[in-house]
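**Student:** One structure, as structure tokens, below. Some questions next.
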Amino acid sequence: MSFELFKKLSWVLILLFLVSLPYLRVNIYNLHVYTLICIYIIISIGLNIIFGHTGQISLGHAAFYAIGAYTSALLTAKLGFPFVLAFFCAGIVSLIIGLGVGAATLKLEGAYLAMATIGFGEIVRMILIHWERMSGGPAGISKIPDPSFLGWQLHSAQSKYYLILFVTIVAFICYRNLMISNYGKKFTAVKENILAAQAMGIDTTRTKVIAFGISTLYAGLGGSLYAHLNCYIAPDAFPISESITLLLIVVLGGMGNILGPILGSIILIEIKESLRMLRDYNMLIYGFGLMALMIFAPKGFSGINIFRIFKRVFGKKI
Amino acid sequence: MLIQVFQQIMSGFAIGSIYALVALAFSLTVKALNAINFATGDIFMLGSYFAITFLLFVKIPFWLAIPFTIAVVSLIGILFEKIAYKPLYRARLGRSEHHIILIISTIGTGIFLQNAAMLIWGPDALAFPPLFSKEPIKIIGMLLPVEYVWVIAIAIFFMVTLHFLLQNTKIGKGLRAAAQDRDTAALMGVNLSLADSLTFGLSAALGAVGGILIAPISFAHPTMGLSYGLKGFTAAVIGGLGSVRGAIVGGILLGILENLVTGFISSTYKDVVAFSILIILLLFKPSGLLLKPPQQKV
């Protein structure tokens, strides 16, 4: 059995496992957590594109997540748009705002960029809280319709899981193809050495803005799915700590690692769920863990390539 | 009308001097170690809470509570440097990676402090006992709350103390030398490890003073750090990050501007205005209003 075949086979097995998951664990709450993990995977793929691959930090991604969620919610709940159209509109609105913000802020570097994006995130949150006629204020928007697809109303937890799983897989394949394309190489060049990239004739500003745009597109699409998963959104769901969580997912999974967002989302969301038992101490330990992680394992799980490990362990004989 | 404008400017000056203290807290670590401490806002919050604790629960007079609070919070700042900063500085990492890791580590510490405060003092806002008479005093036709006058006086006192400490004492000279050129300073006999600890301690002390001063004006709550931290950073950027004079000017400018927006436009969007200023300034004049733009080296 060649290595390539093994690779394909393991993907098929993983896919089979994911599809049969609702039947293995019937607990509705767990299924909800898995669906949330899928949404986090989509958004953190976006963040990995700009932060992991292109090396530009963004601490305002929760704002784009919120923009996607609110766009989709307003279009379906107030204007009666069908779900599929609202889903793509959410992505496009987020993309357009992201291109604008990116074009403006990506001149900055490091901590300055971090602060500018935090500022943007706070501005969006303030607007969502105070512009009550549009956003419903602190109470948020309720009665968001369930997603519908070709005439099917998806309101059971299973059907939503399948829908979001499908979107996640498509999003991941697009991401992988983007990264092995010319553009992916350009992103890496900008991250590794911006001067060398310029010398090679790469328009670095444009590349950064495109990477930021794509990453906000992902965040907007994820936001739309989140709105229709819970059928209720409020500004509380998109605080700055959400941006930090996303950043942490990318660091944990390994910055610039294609499988990173998947690994990071699964690990971090499961950790957060298991810390939930500790109630008040939950965020305390989370904050401390963040600090300890940076001291002891500053590179997260990067460099862990499952296939390479298999290859090393089993040689080429499998 | 003119009186009203002046009144807004004066109360803006009071709030602004608090922002200036936070901005100084940011500037010190940036100047000395090129490190932006994202937990500065939360240290500010601790200042507020410790002041309330000393006044309400330990029941000591206000003038004693200030040095006690500063001492406790500075110790926390030094501990912070030992635990969360130094191990990172030692780790051999690339420059860009070091920045990102420092950002996440200090954010993690911020979350930790925030939630520790929530556990110790509860999630609800705590009010500061009224210290000064509610009767406003009259200066050239303007009515000013007595608190504001005190806030300005105490803030200026600490700024002058800091200036004296940095310019005229041996410790200050050592700190400035370490900020300018670490290696040469070490050769001249400056204890770098001590200098780093002192920088963080001083930065925490300034944050604590800000926290003490904001407590009588507004409530203390565990999540107040983010908003004041961002404002302080904005102030530091307005004046030029890393400059002591810039931080003071920037803080006062931001406070006055914010109060004018609150007084004449609307109070709901004052934070939006402040953060928009931050973004616009970062875009067009990231070196601040007072500093010359740095020469970029290849």
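**Student:** Net charge within 13 Å of B:Leu165 by Cβ-Cβ distance, Lys/Arg positive one each and Asp/Glu negative one each, not counting B:Leu165 itself?
**Tutor:** Taking every Cβ under 13 Å from that of B:Leu165, the sum is +3.
**Student:** Another question about this same structure. If Lys and Arg each add +1 and Asp and Glu each add -1, what is the summed charge of the other residues whose beta carbon sits under 14 Å from the beta carbon of A:Gly201?
**Tutor:** +2
**Student:** Ranked by Cβ crowding within 10 angstrom, fewest neighbours first, how are B:Val22, A:Val101, B:Val58 ordered?
**Tutor:** B:Val58, A:Val101, B:Val22
**Student:** Follow-up question, since we're still on this one. Which whole-number percent gives the relative contact order of chain A, counting Cα pairs below 8 Å spaced six or more residues apart?
**Tutor:** Relative contact order of chain A: 33 percent.
**Student:** Can you work out the FRET efficiency for the pair B:Phe6 and B:Ser276, with r the C-beta to C-beta distance and R0 = 30 Å, to the nearest 0.05?
**Tutor:** Once the sixth-power term is evaluated, E becomes 0.75.
**Student:** Beyond 24 Å, how much of the Cα-Cα pair distribution for chain B remains, as a whole percent?
**Tutor:** The calculated P(r) of chain B puts 51 percent of pairs beyond 24 Å.
**Student:** To continue, here is another question. Helix by helix, which DSSP H runs in chain A go 27 Å or more along their axis at the Cα atoms and have an average Kyte-Doolittle hydropathy of 0.0 or more?
**Tutor:** A:3-24, A:28-47, A:83-105, A:110-130, A:157-180, A:204-230
**Student:** Just add up the charged neighbours of A:Ser72: K/R +1, D/E -1, any other residue whose Cβ is under 13 Å from the Cβ of A:Ser72.
**Tutor:** 0
**Student:** So which trypsin sites (Lys or Arg not before Pro) in region B:104-205 pass both tests, a DSSP loop state and at most 14 other Cβ atoms within 10 Å of the Cβ?
**Tutor:** Passing both the DSSP loop test and the Cβ count: B:Lys134.
**Student:** Gaussian network model of chain B, Cα springs within a sub-10 Å range: biggest mean-square fluctuation belongs to which of B:Trp63, B:Trp150, B:Trp121?
**Tutor:** Comparing B:Trp63, B:Trp150, B:Trp121 in the GNM, the peak value goes to B:Trp63.
**Student:** Continuing with the same structure: In region A:85-187, what chymotrypsin sites (Phe, Trp or Tyr not before Pro) fall in a loop by DSSP, with at most 13 other Cβ atoms inside 10 Å?
**Tutor:** When the chymotrypsin sites (Phe, Trp or Tyr not before Pro) of region A:85-187 are filtered for loop state and at most 13 Cβ neighbours within 10 Å, A:Trp131 remain.
**Student:** When a footprinting reagent is the concern and you count Cβ atoms within 10 Å, what order do A:Thr188, B:Thr199 take, fewest first?
**Tutor:** Ordered by Cβ neighbours within 10 Å, fewest first: A:Thr188, B:Thr199.
**Student:** Next up: Place the peptides B:3-10, A:123-130, A:277-284, B:238-245 in order of packing, highest mean first, counting for every residue the other Cβ atoms within 10 Å and averaging per peptide.
**Tutor:** B:238-245, A:123-130, B:3-10, A:277-284
**Student:** Please list the radius of gyration and Dmax for region B:152-298, considering alpha-carbon atoms only, with Å as the unit.
**Tutor:** 17.4, 56
**Student:** Taking neighbour counts of Cβ atoms within 10 Å as a proxy for exposure, in what order, fewest first, do B:Met1, B:Met118, A:Met291, B:Met159 appear?
**Tutor:** Fewest-to-most ranking of B:Met1, B:Met118, A:Met291, B:Met159: B:Met1, B:Met118, B:Met159, A:Met291.
**Student:** Taking R0 as 60 Å, what FRET efficiency do you get between B:Leu283 and A:Tyr23 from their Cβ-Cβ distance, rounded to the nearest 0.05?
**Tutor:** 0.70
**Student:** For chain A, with a Gaussian network of springs between Cα atoms less than 10 Å apart, report the residue from A:Ile271, A:Ile214, A:Ile249 with the top mean-square fluctuation.
**Tutor:** Sorting by GNM fluctuation, first place goes to A:Ile271.
**Student:** Okay, moving on. So for region A:3-314, what percent of the C-alpha to C-alpha distances run longer than 26 Å?
**Tutor:** That fraction is 47 percent.
**Student:** Moving on to the next point. If I model a spin label at A:Ile271 and B:Ala127 as a point 7 Å from the Cα along the Cα→Cβ vector, what separation in nanometres do I get?
**Tutor:** 4.1 nm
**Student:** Testing the spin-label approximation: label points 7 Å from Cα along Cα→Cβ at A:Ser156 and A:Val33. State their distance in nm.
**Tutor:** My value for the distance between the label points is 2.3 nm.
**Student:** Next up: Can you pull the one-decimal nm distance between simple spin-label points at A:Leu13 and A:Glu132, each 7 Å off the Cα toward Cβ?
**Tutor:** Simple spin-label model gives 5.7 nm for this pair.
**Student:** Continuing with the same structure: Which whole-number percentage describes the relative contact order of region B:104-216, with Cα contacts under 8 Å and a sequence gap of 6 or more?
**Tutor:** For region B:104-216, the relative contact order is 23 percent.
**Student:** What's the Kirkwood radius of the protein assembly as shown in Å, using all Cα pairs?
**Tutor:** Over the protein assembly as shown, the inverse of the mean reciprocal pair distance is 25.8 Å.
**Student:** Right, here's the next one. Over region A:3-314, how many pairs of lysines fall under 18 Å by alpha carbon, counting only those 8 or more apart in sequence or from different chains?
**Tutor:** Total qualifying Lys-Lys pairs in region A:3-314 comes to 11.
**Student:** Please tell me the relative contact order of region B:1-106 in percent, rounded to the nearest whole number, where contacts are Cα pairs under 8 Å and at least six residues apart.
**Tutor:** Answer for region B:1-106 is 23 percent.
**Student:** A follow-up question, please. For region A:122-194 and region B:101-123, what is the centre-to-centre distance using only Cα atoms, to the nearest Å?
**Tutor:** Cα centres, region A:122-194 to region B:101-123: 29 Å.
FYI, it's all coordinate maths here, none of it is from the lab. As the structure is a prediction and not an experimental result, all values here were calculated from the model. So basically every Cβ, Gly included, is an ideal-geometry build from the backbone, and we count neighbours across all protein chains shown.
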